[in-house]
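Input: a single structure, listed below in structure tokens.
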Amino acid sequence: MLRRQGDSELTPSMGAVLATIARHGPLTPAEVAEREGFRRPTASRVVAKLQELGLVTRVPNPRDGRSSVIEVSPAGAALLTAARARKTAYLEARLADLPAEDVAALDRAAAILERLLEEER
């Protein structure tokens, strides 16, 4: 349900790549592939489609002028912001119906999950 709330014209892979570039970018295509667990050709195809939609741009790599890095365009950032806002509104509405002890349990679980994710970086 939450994924549907952020629904856009993007496939799940495209949405994940766009969010990864927004969070960690600018990234080279190889870095996108590594972060997403894709093979390089797959990452390149997804990035090309995002570029075609105007959601990312390629700019010269400041560390290596022979290559480029991918960054989120203003349109891509706006799409992500809108999707996150819809997801947040959906979750807020669902959480409002829960008893306080359940909300507290979810808060503790979220903190644990964030710690686990931080350990992987």
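Restricting to the range 94-103, name every residue that is surrounded by 12 or more Cβ atoms within 10 Å (Cβ to Cβ) and outside any helix (DSSP H, G or I). Answer for the range 94-103, where residues must be surrounded by 12 or more Cβ atoms within 10 Å (Cβ to Cβ) and outside any helix (DSSP H, G or I): just L98.
Looking across L116, L79, L106, L91, one residue alone is loosely packed, with under 12 Cβ neighbours inside 10 Å and either assigned to a helix (DSSP H, G or I) or touching a residue at least 12 places away in the same chain (Cβ under 8 Å) (or both). It is L116. In the range 59-74 there is at least one residue that is outside any loop (DSSP other than H, G, I, E, B), of a type outside the set (V, I, T) and modelled with pLDDT of 95 or more.
With respect to L50, determine if the residue is under 30 Å from L95 (Cβ atoms), in contact with a Leu (Cβ under 7 Å, 6 or more places away or on another chain) and among the aliphatic types (A, V, I, L, M). For L50, the condition - under 30 Å from L95 (Cβ atoms), in contact with a Leu (Cβ under 7 Å, 6 or more places away or on another chain) and among the aliphatic types (A, V, I, L, M) - is not met.
In the range 64-121, the qualifying residues are those that are under 19 Å from the mean Cα position of the chain (by Cα) and among the polar types (S, T, N, Q), and the one that is farthest from Q51 (Cα to Cα) is T88. Within the range 14-59, being in contact with a His (Cβ under 9 Å, 6 or more places away or on another chain) and of a type in the set (K, R) holds for one residue alone: R35. Applying a threshold of 7 Å to beta carbon distances and a minimum spacing of six or more residues, or different chains, the list of pairs starting in the range 15-30 at a residue that is in contact (Cβ under 8 Å) with a residue 12 or more places away in the chain and ending at one that is surrounded by fewer than 18 Cβ atoms within 10 Å (Cβ to Cβ) and aliphatic (A, V, I, L, M) reads A22/A77; P26/V59.
One residue stands out among those in the range 7-54 that are polar (S, T, N, Q) and part of a helix (DSSP H, G or I): the one that is nearest to A82 (Cα to Cα), which is T20.
R66: free of Cβ contacts under 8 Å to residues at least 60 places away in the same chain and out of contact with any helix residue (DSSP H, G or I) (no Cβ under 7 Å at 6 or more places or on another chain), yes or no? Here the answer is yes, as R66 does meet what is asked.
Could you tell me whether any residue of the range 75-90 is more than 16 Å from T11 (Cα to Cα), of a type in the set (S, T, N, Q) and touching a strand residue (DSSP E or B) at 6+ places or on another chain (Cβ under 7 Å)? No: zero hits. The set of residues in the range 59-76 being surrounded by 12 or more Cβ atoms within 10 Å (Cβ to Cβ) and of a type in the set (A, V, I, L, M, F, W, C) consists of V69, I70, V72, A75.
The values are calculated or read from the model by the stated rules, or taken from the named source; none is laboratory data. Model, not experiment: these values are computed from the prediction. Every residue, glycine among them, receives a Cβ derived from its backbone with ideal geometry; neighbour counts consider all protein chains shown.
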